[in-house]
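Worksheet for the structure shown next.
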Amino acid sequence: MNEIIPIDEEYFFDGKVIISQTDLKGVLTYVNKLFCKVSGYKVEELIGQSHNILRHPDMPHNIFAKMWETIQGGQAWNGLIKNLRKDGLYYWIDMEILPIKDNDNNITGYIAAEQAASRKDIQEIEERYKKLIETEKKRGRKC
């Protein structure tokens, strides 16, 4: 897929829950209709792609590192994410990811439920994320 150029304009949505499911490596195996509508992608463009196809460059690497550590450890993770749509607009979600386990308690994948993040939560987290990005850049980590 071509690299998406971020546009500093927000896409707003509300209402229902966005659902996605991935394998152990974060490759999308299922997305609901709202996921497609909000992300701007068609189902066939998403299935088989890494979930990070939506990663906005304003998101600190550290947030995703902690997320992976948590879910690979078998725990639920919740946080605010700024995602990048196919058209370059961004959108904020409040995301919860749960490990999917088989009968032997082995993790077989992950399921995420997302909804529009509140303005209050976005305002509180944006400055923190900017500082984390600055720290990562100073340490030489590509964001």
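Observations, loosely collected:
- Flag for Gly48 being assigned to a strand (DSSP E or B) and free of Cβ contacts under 8 Å to residues at least 40 places away in the same chain: no
- Test result for Lys37, among the basic types (Lys, Arg) and within 20 Å of Ile125 (Cα to Cα): no
- When Trp92 is tested against the conditions (1) surrounded by fewer than 17 Cβ atoms within 10 Å (Cβ to Cβ); (2) touching a residue at least 24 places away in the same chain (Cβ under 8 Å), the lone failure is (1).
- Test for Lys66: is it among the basic types (Lys, Arg) and surrounded by 14 or more Cβ atoms within 10 Å (Cβ to Cβ): no
- Scanning segment 106-143 for residues that are of a type in the set (Val, Ile, Thr) and part of a helix (DSSP H, G or I) yields Ile122, Ile125, Ile133, Thr135.
- Any hit, segment 65-75, residues being modelled with pLDDT of 95 or more and under 11 Å from the mean Cα position of the chain (by Cα): yes
- Residue within segment 53-65 that is in contact (Cβ under 8 Å) with a residue 24 or more places away in the chain and in a strand (DSSP E or B) present: yes
- Inter-residue pairs, beta-carbon under 6 Å, first closer than 23 Å to Ser50 by Cα and in segment 2-22, second of a type in the set (Asp, Glu), 6+ apart: Ile18/Glu114
- Boolean, Asn103 is at pLDDT below 95 and either crowded, with 17+ Cβ neighbours inside 10 Å or not in a strand (DSSP E or B) (or both): no
- Subset of segment 68-96 (residues that are assigned to a strand (DSSP E or B) and either farther than 20 Å from Val43 by Cβ or among the aromatic types (Phe, Trp, Tyr) (or both)): Trp77, Asn78, Gly79, Leu80, Ile81, Lys82, Tyr90, Tyr91, Trp92, Asp94, Glu96
- Hits in segment 69-88 - residues which are out of contact with any helix residue (DSSP H, G or I) (no Cβ under 7 Å at 6 or more places or on another chain) and surrounded by fewer than 19 Cβ atoms within 10 Å (Cβ to Cβ): Glu69, Thr70, Gln72, Gly73, Gly74, Gln75, Ala76, Asn78, Asp87, Gly88
- Number of residues in segment 27-49 that are closer than 12 Å to Ile111 by Cβ and either among the charged types (D, E, K, R) or touching a helix residue (DSSP H, G or I) at 6+ places or on another chain (Cβ under 7 Å) (or both) equals 2.
The values are calculated or read from the model by the stated rules, or taken from the named source; none is laboratory data. In this text the structure is predicted, and so the values were computed from the model without any measurement. With ideal geometry, Cβ positions are generated from the backbone for all residues, glycine too; neighbour counts draw on all protein chains shown.
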